[in-house]
Amino acid sequence: MRILNVAGARPNFVKIAPLVREMRRHPAIVPLLVHTGQHYDEVMSGQLFRDLEIPAPDFNLEVGSASHAAQTAEVMRRLEPVLLSTRPDLVLVVGDVNSTLAATLTAVKLGIPVAHVEAGLRSFDRTMPEEINRVLTDAIADLLFVTEESGREHLLREGISADKIHFVGNVMIDALMTFRPHWQNSAVFDRLDLHENQPYAVLTLHRPSNVDDPTNLTKLLDALQDVARHIPIVFPVHPRVRARLGMQEEARVPTRDADALSAGKGIAYLDPLGYLDFIALMSRARLVLTDSGGIQEETTILGVPCLTLRDNTERPATVTWGTNRVIGTDPRRIVEEALRALNHSPRTNGPPPLWDGQAASRIVKVLVERGPRGLIS
Ligand code: UD1
């Protein structure tokens, strides 16, 4: 069975890694990998491929950055000839980025079945580009692999038949567990001069709703600066935010890094980190503040308190089972919740069901059992 896997942006690479690894082990499967090029920087792409031991892609579409319409269209235009020449039995897409939707639409129109990994998540906020990508991808995909029970419920409510849906766990957690010995050996602490018991928090921001409007971004950073009077915050800056903060392409601010961490307060602005360094950094943090989706899941398994700076989450299992609290973006609330989190030990109800590092093997088992003929619904 020829399976063409598609990945485009940073969180896609984390999800595709355990899947390709598992497929390569299986004699019945010939995996191919397409990198759409939605993310292309060394730190956003090359470093992740190395950290996660992902083989070099068979095709790189090099679409780069553009408006949503142009980026989506360009993935479709460049993927179509690849699908026509390779004629896979299945296209597998992950997550909710523009590349996910574009690849799904292209394959389905050519009559090639599509499997969507991480299906069914819903924020019910249609101003989020990812929500549109999720709803549309799930509506036309043939096989839907869900990470949590809410995913199955949403899909059934949207009229998708139960035999397309498989609850398999979370491939992002497979990656976290598989690479544990690697990230536990990360040199990031030495590089940042962080000693073993030094308290610090980690911050990530990249959602358009938080960072594209300068007033919102300034308000958020002011609140975080208040939090940083109590604990230093390490902030690897996503390229989307870099320009908005007036930082240059190659911005390195080592003196401010050193200042914040050695002074025990303030925000240390860093370039984006690789996968292993970033997980290592989160694993020893007292607190993580984020607007990312995947980080809510990773902190759940790491047992590190997570405050989600959004009004909603499409990943409710991280709140029910994990360490996540969805607190919105009101500056006063951010400071209150951060101080509360710093003064209380994290509570968890244990890992969410099936977040055990075996999701990729469950997915491959379903694909093999169905066989090429059983893939089209
Ligand atoms: C994308 C995904 C988002 C995901 C995020 C993870 C969509 C709609 N959004 O958002 O769901 O959570 O990736 O990071 O698919 N840029 C670079 N170098 C890169 C990539 C981007 O400098 O390698 C800059 C470009 O200026 C670009 C901007 O970052 O315009 C945003 O990149 P884009 O891929 O459009 O969206 P993200 O915000 O990264």
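The values are calculated or read from the model by the stated rules, or taken from the named source; none is laboratory data. Because the structure is predicted, anything quoted here is derived from the model rather than measured. Note that we place each Cβ from the backbone using ideal geometry, even for glycine, and neighbour counts take in every protein chain shown. Heads up: the accessible areas ignore ligands, DNA and RNA and are worked out on the full protein's heavy atoms, side chains in. Shrake-Rupley method; radii C 1.70, N 1.55, O 1.52, S 1.80 Å.
See the values below:
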item: Any hit, the stretch 72-91, residues being without any contact (Cβ under 8 Å) to a residue 12 or more places away in the chain, among the hydroxyl-bearing types (Ser, Thr, Tyr) and open to solvent by 10 Å² or more (accessible area, probe 1.4 Å); result: yes
item: Residue count, the stretch 309-330 (criterion: in contact with a helix residue (DSSP H, G or I) (Cβ under 6 Å, 6 or more places away or on another chain) and either outside the structural domain of Leu203 (by TED's automatic domain parsing) or assigned to a strand (DSSP E or B) (or both)); result: 1
item: Residues that are over 17 Å from Ser99 (Cβ atoms) and away from the ligand (no atom under 16 Å from the Cβ), drawn from the stretch 31-48; result: Pro31
item: Checklist (1) among the small types (Gly, Ala, Ser); (2) part of a loop (DSSP other than H, G, I, E, B); (3) within 16 Å of the ligand (Cβ to nearest atom) applied to Ala28, failing item; result: (3)
item: Criterion: open to solvent by 40 Å² or more (accessible area, probe 1.4 Å), small (Gly, Ala, Ser) and within 16 Å of the ligand (Cβ to nearest atom) - qualifying residue of Gly246, Gly293, Gly274; result: Gly246
item: Lone unmet requirement of (1) within 30 Å of Arg242 (Cβ to Cβ); (2) open to solvent by less than 40 Å² (accessible area, probe 1.4 Å); (3) part of a helix (DSSP H, G or I) for Leu33; result: (3)
item: Number of positions in the stretch 49-60 that are within 17 Å of Pro31 (Cα to Cα), within 16 Å of the ligand (Cβ to nearest atom) and either more than 20 Å from the chain's Cα centre (by Cα) or open to solvent by 20 Å² or more (accessible area, probe 1.4 Å) (or both); result: 3
item: Test: residue in the stretch 176-185 that is open to solvent by 70 Å² or more (accessible area, probe 1.4 Å), outside the structural domain of Pro272 (by TED's automatic domain parsing) and either of a type in the set (D, E, K, R) or more than 30 Å from Gly350 (Cα to Cα) (or both); result: yes
item: Verdict on Gln198 being away from the ligand (no atom under 16 Å from the Cβ), within 22 Å of the chain's Cα centre (by Cα) and open to solvent by 20 Å² or more (accessible area, probe 1.4 Å); result: no
